[in-house]
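Here's the structure we're looking at; comments come further down.
The values are calculated or read from the model by the stated rules, or taken from the named source; none is laboratory data. Bear in mind that the values here come from a model prediction, so they are computed numbers and not experimental data. Methodologically, a virtual Cβ is constructed for each residue, glycine included, from the backbone with ideal geometry; neighbour enumeration extends over all protein chains shown.
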Amino acid sequence: QVQLVESGGGLVQAGGSLKLSCGISGNIFKLNAMGWYRQAPGKQRELVAMIEHSGSSNYADSVEGRFTISRNNAKNTVYLHMNSLKTEDTAVYYCYAGPPPAWGQGAQVTVSP
C-alpha cells in the first residue's frame, strides 16, 4: 500500500508564493509519474503539473511560468513551488503518484485578493 502525505498548503495573498510537498511511502517498486492535481469548488479535478522519473515535466497552461514542479527520487518526494498566485488558484491540491495511481488526502490552498 502506497501512502502520500502532503504539507505546505495555506492562505496567501494574491501575488504571493507557497510551496507544497508530498512524501511517498509504502510498497514502492518504482514510481514513474509524480504530480499535482487540484479541485476548486464546483469544478472537476484538473492536472496542475506532472514530472516523470527522468525529470521531464509538463504543466497546465494556467500555471505555466508561475509554478515549478520538482522531485527527489531518493526521498520519494515531490514539490510544487507556486509563485504569482492568483485568486483562481484557490483549490484543494492533491498529490499523485503512479502507476498504479495513488492519491494524497489533499491540501487546501486559498489565495485572497
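For segment 66-109, give me the residue count where each residue is small (Gly, Ala, Ser), crowded, with 18+ Cβ neighbours inside 10 Å and under 15 Å from ALA14 (Cβ atoms).
Going through segment 66-109 one residue at a time, the tally reaches 1.
Pull up segment 15-39, narrow it to residues that are among the small types (Gly, Ala, Ser) and assigned to a strand (DSSP E or B), then point me to the one that is modelled with the highest pLDDT.
Of the residues in segment 15-39, the ones among the small types (Gly, Ala, Ser) are 15-17, 21, 23, 25-26, 33, 35.
Of the ones still in play, those that are also assigned to a strand (DSSP E or B) are 21, 23, 25-26, 33, 35.
On the way: SER21: 97, GLY23: 93, SER25: 85, GLY26: 78, ALA33: 89, GLY35: 94.
Residue satisfying both the conditions and the ranking: SER21.
Please give the number of the condition GLY42 fails out of (1) in a strand (DSSP E or B); (2) out of contact with any strand residue (DSSP E or B) (no Cβ under 9 Å at 6 or more places or on another chain); (3) of a type in the set (Gly, Ala, Ser).
Of the numbered conditions (1) in a strand (DSSP E or B); (2) out of contact with any strand residue (DSSP E or B) (no Cβ under 9 Å at 6 or more places or on another chain); (3) of a type in the set (Gly, Ala, Ser), the odd one out for GLY42 is (1).
Of all residues in segment 31-60, how many are among the charged types (D, E, K, R) and in contact with a His (Cβ under 7 Å, 6 or more places away or on another chain)?
From segment 31-60, those among the charged types (D, E, K, R) are 38, 43, 45-46, 52; that's our starting set.
The next check asks that each one be in contact with a His (Cβ under 7 Å, 6 or more places away or on another chain); those that pass are none.
Selection size over segment 31-60: 0.
For the condition surrounded by 14 or more Cβ atoms within 10 Å (Cβ to Cβ) and part of a loop (DSSP other than H, G, I, E, B), what is the one hit in VAL63, VAL12, VAL48?
Values: VAL12 fails: part of a loop (DSSP other than H, G, I, E, B); VAL48 fails: part of a loop (DSSP other than H, G, I, E, B).
Residue meeting the stated conditions: VAL63.
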